[in-house]
Amino acid sequence: MSSTHAPNDMRALAALSPAQEDVLIEKAMRILDRRLFTRGPKLESPPEVGRFLKLKLAGMDREVFSILFLDTKHQVLAFEILFQGDIDQTTVHPRQVVKRAIAHNASAVIAAHNHPSGCTTPSQADRILTQRLRKALALIDVVLLDHIIVGAGDPLSMTQHGLM
């Protein structure tokens, strides 16, 4: 997009109705899915993963917990929302995460959840869950690479913040 079109494009975007925005978001998600899943790229950085997860989780009005399942080269095998809660919490069962990792034959996973409040600071419960998941997955030789929290602004990578 050239800089001469940017102001007009921004005005056009601002004039969209919520229904038109939903269509645009859906198209953007399809493009992102095609880039990530059709080409089979590696997820090489927490910011790249965070952008993908923000598109998937940011609009949720309740907390959801998801997993990106990866192969040995860290290429995406699947993305699944495994658990849904209410506005400020969700119950996560490590056993189900392990079952889905086995079903996808994943060698690594990235956990993610949203905070509908917008705050990406991990709670004590988030930290405890991350350790429980890491230990449970290690029993089946699956590595938990990161736990990403999506909210307002940039998603938080627990790995980048030394919380793993």
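What is the residue count in segment 41-75 for residues that are in a loop (DSSP other than H, G, I, E, B) and hydrophobic (A, V, I, L, M, F, W, C)? Steps first, please.
Filtering segment 41-75 down to residues in a loop (DSSP other than H, G, I, E, B) leaves 41, 43-45, 58-63, 71-74.
Cutting the leftovers down to hydrophobic (A, V, I, L, M, F, W, C) gives us 43, 58, 60.
Qualifying residue count, segment 41-75: 3.
Can you say whether R100 is assigned to a helix (DSSP H, G or I), more than 17 Å from the chain's Cα centre (by Cα) and among the basic types (K, R), as far as the supplied structure shows?
Details: assigned to a helix (DSSP H, G or I): yes; more than 17 Å from the chain's Cα centre (by Cα): no; among the basic types (K, R): yes.
Spelling it out, it is not the case that R100 is assigned to a helix (DSSP H, G or I), more than 17 Å from the chain's Cα centre (by Cα) and among the basic types (K, R).
Return the total of residues in segment 78-107 being in contact with a Phe, Trp or Tyr (Cβ under 8 Å, 6 or more places away or on another chain) and hydrophobic (A, V, I, L, M, F, W, C).
8
Looking at A78, A112, can you tell me which residue is in contact with a strand residue (DSSP E or B) (Cβ under 6 Å, 6 or more places away or on another chain), at pLDDT 95 or above, assigned to a strand (DSSP E or B) and not aromatic (F, W, Y)? Walk me through how you get there before you give the answer.
Details: A78 fails: at pLDDT 95 or above.
Being in contact with a strand residue (DSSP E or B) (Cβ under 6 Å, 6 or more places away or on another chain), at pLDDT 95 or above, assigned to a strand (DSSP E or B) and not aromatic (F, W, Y) holds for just one of A78, A112, which is A112.
Regarding P46, is this residue within 22 Å of R132 (Cβ to Cβ), under 15 Å from the mean Cα position of the chain (by Cα) and not basic (K, R)? Walk me through how you get there before you give the answer.
Working: within 22 Å of R132 (Cβ to Cβ): yes; under 15 Å from the mean Cα position of the chain (by Cα): yes; not basic (K, R): yes.
Yes; evaluated as a whole, the condition is true for this residue.
The values are calculated or read from the model by the stated rules, or taken from the named source; none is laboratory data. Note that the structure is predicted; figures quoted are calculated from it, not measured. Note: ideal-geometry Cβ built from the backbone for every residue, glycine included; neighbour counts use all protein chains shown.
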